[in-house]
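Take a look at the structure below.
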Amino acid sequence: MHLPVAALLTATLAACGGGTGDERAEGDAGAGTGGGAGGTPVVLRERLVTATDAGEAPDEVAVPVGDDAALAEFTADLSDGFAGEVAEAAAALEAGGGEELAAQVVAVGCDEPTSVRARRTPEGAVVLEAAQVPSPGRQCFAPMTTVAVVVLEAGGLSAG
């Protein structure tokens, strides 16, 4: 192996993280200026669940997972163990009083996000964006999948 190729490989591996089944605690997540229909969606509570080699590519938009059927549909393409962890995170968040429970695969790769923020697309869909990882440094031999499960302010998923 030539020196430049070895250096590139070393730098790539150094930039990757690792871990399995890591669930983040409820956080004071994303932010917005005025939630509700049509405004910037406001994340009230969040759980991030990460697993190594769990399948699935990042989703384009957040989807409602407030009932068993919607949650089962969302987790159908995840590995069994990971799907169970995502379901547990959703159950722990308990949306109530008009709040909305949503989920999205927010990252697949070597970095493990620690928070998300929500934004609305011009078409009115809600997108959960993983915060940039400030200092990746763990080695990564298999990609990690991170799912964000969030409670949005009432009307957060509605475009108005």
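So the values come out like this:
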| read-out | value |
| --- | --- |
| Karplus-derived 3J(HN,Hα), 6.51/-1.76/1.60, for each residue of the stretch 95-107, Hz, glycine and proline x | 6, x, x, x, 5, 10, 9, 9, 9, 7, 6, 9, 7 |
| Residues with amide H under 5 Å from that of residue 40, placed H, sequence gap 5 or more | 33 |
| Linear extension gain, residue 69 paired with residue 57, 0.36 nm per residue minus alpha-carbon span | 2.2 nm |
| Estimated vicinal HN-Hα couplings, Hz - the stretch 74-84 in sequence order (Karplus 6.51, -1.76, 1.60; Gly, Pro = x) | 4, 8, 4, 8, 8, 4, 4, x, 5, 4, x |
| Phi to ³J(HN,Hα) by Karplus 6.51 cos²θ - 1.76 cosθ + 1.60 over the stretch 139-144, Hz, x for Gly, Pro | 6, 9, 10, 9, x, 9 |
| Simple label model, 7 Å out from Cα along Cβ direction - residue 123 to residue 141, nm | 4.0 nm |
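No value in this document is a laboratory result; all are computed from the given coordinates. Keep in mind that what you see is a predicted model, and the values were worked out from it rather than measured. Neighbour counts run over all protein chains shown; Cβ positions are idealised from the backbone, glycine included.
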